[in-house]
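What follows is a short report on a single structure.
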Amino acid sequence: MGGSKMLSSLPEIFFGLLAISVLSGLFLLHPRVPLSFVRLHVGVTLLPPIAALMALVTNHETMIYGPWRLDSLSWLLALFVLTIGFIVQRYSVRYLLGDRSYRKYFALLTITTTADSAVWLSNDLRLLLVCWGVTLLGLTLLISLKKEWSVARNAAKQSGRLFALGWLILLGAVIWITQATGHWQLSLVLTETGLAQLDLWERTCINLLLILAVVIPAAQWPFQRWLLDSVVAPTPVSAVMHAGLVNAGGIILTRFSPLFSGDIAQIVLLLLSSVSVMIGTGIMLVHVDYKRQLVGSTIAQMGFMLIQCALGAYLAAIIHAVLHGLFKSTLFLQAGSVLHHHEEPNSRANQSTPLLWTITGGILGLLVAIGLWMSSPGEGYQLISALTLGWSVSFAWAQLVAFGSGRIGRIAGFSLLAGAAAVYSLVHDAFYSVLQDTIPQGIQTPAPAAVLLLIILLAGSAAGVWLARHRSSSAYTLIYLWLVRLGEPENDLVESHPEHLTQSFFRGGHLR
């Protein structure tokens, strides 16, 4: 009886711990509170994700708890965001020690991650809007943490304007939905009765508004500039931003998935996301700045995630969002380790790939693609997924096995590839078992959307191969320079001589 009573009270425990963590962050702002309290505060922020993990493991049913919608997806996203927040705060205890905004940083980060987790737990659309607005405001303030630095202030202003635009567009979509259906509760809006209140043209317009509202925080073309400018933020802030906030677009579309249907909206999202994938990949390849490389990678990855949403593969999008967040936050927190003072010459630069091993990798990738496609229920997305996975297997085989140094190198590469395949299968099965009853299966991918994406993938791959083989051509030069210019900061977002450091030195500031 005691165990069941505790399980039933998990929501109260979770929200109580969330409130305590926010109060702890606000308490830290008082100047008389010793800085040693930061460690205690970080320990407090670990308690809410533990409660979310317990709820995720023990409760697999959807429950409406006041203005909250508690299901497996909500608990998973809350666990993910709050865990990333805890890891980054623990990392920052010494990383930012001595910074003038030390106290403010921990308070802002706690409030931002708490509000972000509350977005995915919200069933009331008014609460969702408020929490999402607080999340965007907190992110803007974190970008401008170094107020004495004009570059950070300018980057925060540009980001804040776009965030405000995206929030207002989402507000318009929500007001339209609630006025048409007569409900503020998302669970009632997305029922068949609620959706029946919307005409086809209304659903298309609302979907287009939702797309516009999510591509802005997801840094998709043509709104990718704010994420490129945000590299001026401290590295821990970038880790949280890329791991738990930028991927919100796919999560929002997943929550509104019963509403998201229609060829026009899907094709618009496919076009924007496909362009973003190519631009983000290009920026990642041509820039030497490590953080800008990570930003380009994020733009491309968020494009892939939104493509999955456009094709109705919401489960794949959620898995992508979570795994990308964990991976990208790790890369940002390890950014300092990429500097090598004694760079070894690249032995692969002049190494040709053995033809037999290359053909073997191509055949293996083709077999994987055919096997996945034949085992799928015939959805349009499965064809695209099969082609993508087959190409990934061929590429991984070429890098790990075909380029291997001798027999030992190829055996090691093959073992790594087999281990990665096993881990992928286990992770996919684990996510599927947890989320299969929560995430909607999505809509059937219309033939025009699938054909359009297939054409884009083939054309982009062919263009990339051609450019790689004709690096002396004028087309290659123009595209290369355009991508370099696209990823470079604006004039007011770069400073040759950081004046704020000089000012801090003469004021007796502590530089660590």
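Does residue 315 meet the test of being open to solvent by 20 Å² or more (accessible area, probe 1.4 Å), assigned to a helix (DSSP H, G or I), assigned by the TED database to the domain that holds residue 455 and in contact with a Phe, Trp or Tyr (Cβ under 8 Å, 6 or more places away or on another chain)?
Details: open to solvent by 20 Å² or more (accessible area, probe 1.4 Å): yes; assigned to a helix (DSSP H, G or I): yes; assigned by the TED database to the domain that holds residue 455: yes; in contact with a Phe, Trp or Tyr (Cβ under 8 Å, 6 or more places away or on another chain): yes.
Yes, satisfied.
Could you please let me know if residue 173 is part of a helix (DSSP H, G or I), open to solvent by less than 50 Å² (accessible area, probe 1.4 Å) and without any contact (Cβ under 8 Å) to a residue 40 or more places away in the chain? Spell out the reasoning first.
Values: part of a helix (DSSP H, G or I): yes; open to solvent by less than 50 Å² (accessible area, probe 1.4 Å): yes; without any contact (Cβ under 8 Å) to a residue 40 or more places away in the chain: no.
In short, no.
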Legend entry - All positions within region 119-136 that are farther than 15 Å from residue 165 by Cα and either within 17 Å of the chain's Cα centre (by Cα) or open to solvent by 10 Å² or more (accessible area, probe 1.4 Å) (or both): 119, 120, 124, 126, 127, 128, 131
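Would you point out which residue out of 258, 234 is surrounded by fewer than 22 Cβ atoms within 10 Å (Cβ to Cβ) and under 27 Å from residue 145 (Cα atoms)?
Working: 258 fails: under 27 Å from residue 145 (Cα atoms).
Being surrounded by fewer than 22 Cβ atoms within 10 Å (Cβ to Cβ) and under 27 Å from residue 145 (Cα atoms) holds for just one of 258, 234, which is 234.
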Legend entry - Pair list, Cβ under 7 Å, 6 or more apart: region 127-146 residue modelled with pLDDT under 90, other residue charged (D, E, K, R): 144/153
Inset, instruction - Assess whether residue 288 counts as being assigned by the TED database to the domain that holds residue 152, free of Cβ contacts under 8 Å to residues at least 40 places away in the same chain and either surrounded by fewer than 22 Cβ atoms within 10 Å (Cβ to Cβ) or under 16 Å from the mean Cα position of the chain (by Cα) (or both). - result: yes
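Kindly indicate whether residue 336 is in a helix (DSSP H, G or I) and either modelled with pLDDT under 85 or in the same structural domain as residue 429 (by the TED database) (or both).
Working: in a helix (DSSP H, G or I): yes; either modelled with pLDDT under 85 or in the same structural domain as residue 429 (by the TED database) (or both): yes.
Here the answer is yes, as residue 336 does meet what is asked.
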Inset, instruction - Give just the number: which of (1) more than 23 Å from residue 282 (Cα to Cα); (2) of a type outside the set (Gly, Ala, Ser); (3) under 17 Å from the mean Cα position of the chain (by Cα); (4) open to solvent by 30 Å² or more (accessible area, probe 1.4 Å) does residue 154 not satisfy? - result: (3)
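How many residues are crowded, with 18+ Cβ neighbours inside 10 Å and either assigned to a helix (DSSP H, G or I) or β-branched (Val, Ile, Thr) (or both) if we restrict to region 96-118? Outline the logic, then answer.
To start, the set of residues in region 96-118 that are crowded, with 18+ Cβ neighbours inside 10 Å comprises 96, 99, 101, 103, 105-118.
Imposing the further condition that a residue be either assigned to a helix (DSSP H, G or I) or β-branched (Val, Ile, Thr) (or both) reduces the set to 103, 105-118.
Of the residues in that region, 15 qualify.
The values are calculated or read from the model by the stated rules, or taken from the named source; none is laboratory data. These numbers come from a predicted model, not from an experiment. Heads up, the Cβs are rebuilt from the backbone with ideal geometry, glycines too, and the neighbour counts pull from every protein chain shown. Ligands, DNA and RNA are stripped out before the accessible areas are found, and what is left, the full protein with its side chains, is counted by its heavy atoms. Shrake-Rupley method; radii C 1.70, N 1.55, O 1.52, S 1.80 Å.
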